[in-house]
Amino acid sequence: MLPLDELYQEVILEHYKNPHNRGRIDNPDIHGHGVNPLCGDEVDVTLSLDGKKIKSFMVDGKGCAISQASMSMMSEALAGKDLDLAKSMAESFKNAMLGSGDLRLEGYEDVEALEGVKKFPVRIKCAILPWNTFLEGLSEVERKR
Ligand code: ZN
């Protein structure tokens with residue numbers, strides 16, 4: 001048996017049950033859609049910008065508690081941030097999940113609850129999916145510029 005208590009900590013369950021910034025923006029400046037077929041997770045990310053600042057960061061999706069909680073956390077952690085900062089935060093989250101460095105985001109402690117997920121390689125994909133989806137949406141916009 002997996003130590004499920006450790007995997008599904010309180011903070012993760014709270015985000016899963018009461019996701020933050022849930023919804024979709026019409027005509028978003030950035031849009032990303034990501035799926036994790038291994039687990040059946042699906043994530044939709046829509047952002048509106050004010051210059052280089054993220055004005056609104058909305059997320060929608062379905063899937064396991066890890067992917068949906070991570071999605072909710074991301075929307076909270078990155079909303080209102082400058083795009084460049086949001087990008088580097090998403091990249092450092094990914095790197096930490098994949099094993100290099102501590103799982104820590106300046107000014108946002110909730111992500112540390114995902115630390116336990118690192119022990120379950122299959123679930124790491126779930127945790128990373130929303131952040132990848134954001135980064136892919138962002139790079140699509142950057143390519144068009
Ligand atoms: Zn999943």
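The values are calculated or read from the model by the stated rules, or taken from the named source; none is laboratory data. Every value quoted in this text rests on a predicted model; they were computed, and no experiment measured them. Cβ placement follows ideal geometry from the backbone for every residue including glycine, while neighbour counts extend to all protein chains displayed. Each accessible area value is taken on the protein alone, full model and side chains, heavy atoms only, with ligands, DNA and RNA left out. Shrake-Rupley method; radii C 1.70, N 1.55, O 1.52, S 1.80 Å.
About the centre of its Cα atoms, segment 69-141 shows a dipole size close to 380 debye [charges on the beta carbon of Lys, Arg (+1) and Asp, Glu (-1) only; nearest 20 debye]. The residues 26, 110, 41, 102, sorted by heavy-atom accessible surface at 1.4 Å with ligands and nucleic acids left out, run 26, 102, 110, 41 from largest to smallest.
Residue 118 contributes an accessible area of around 50 Å² to the protein surface, as traced by a 1.4 Å probe with all chains present.
Evaluating 6.51 cos²θ - 1.76 cosθ + 1.60 at θ = phi - 60° for every residue in segment 49-59, the Karplus couplings come out as 10, 10, x, 9, 9, 7, 7, 9, 10, 10, 9 Hz, glycine and proline recorded as x. For the chain, what does the alpha-carbon gyration tensor say about shape, rounded, prolate or oblate, given a ≥ b ≥ c as the root eigenvalues, a/c under 1.5 as rounded, and a/b over b/c as prolate? It is prolate, given that a/c is not under 1.5 and a/b is the larger ratio.
Computed about the Cα centre, the dipole magnitude for segment 4-144 is approximately 340 debye when only Lys and Arg (+1) and Asp and Glu (-1) carry charge, each at its Cβ. Accessible surface of segment 6-145, 1.4 Å probe: 47 percent of it comes from carbon and sulfur atoms.
Around the amide H of residue 30, modelled in the peptide plane, lie the amide H atoms of 47, all under 5 Å away and 5 or more residues distant in sequence or on another chain. Long hydrophobic helices in the chain, taken as whole DSSP H segments with a C-alpha length of 27 Å or more on their own axis and mean Kyte-Doolittle hydropathy at least -0.5: 121-144.
Helical content alone sets the calculated 222 nm signal of the chain at -14000 deg cm²/dmol, taking -39,500 (n - 2.57) per DSSP H segment of four or more residues and averaging over every residue. The relative contact order of segment 4-144, computed from alpha carbon pairs under 8 Å that lie at least 6 residues apart in sequence, is 28 percent. Surface exposure of the chain, expressed per residue as accessible area with a 1.4 Å probe, stands at 52 Å². In terms of distances greater than 20 angstrom between alpha carbons, the cross-link table entries 55/87; 17/53; 55/118; 17/81 yield 17/53; 55/118; 17/81.
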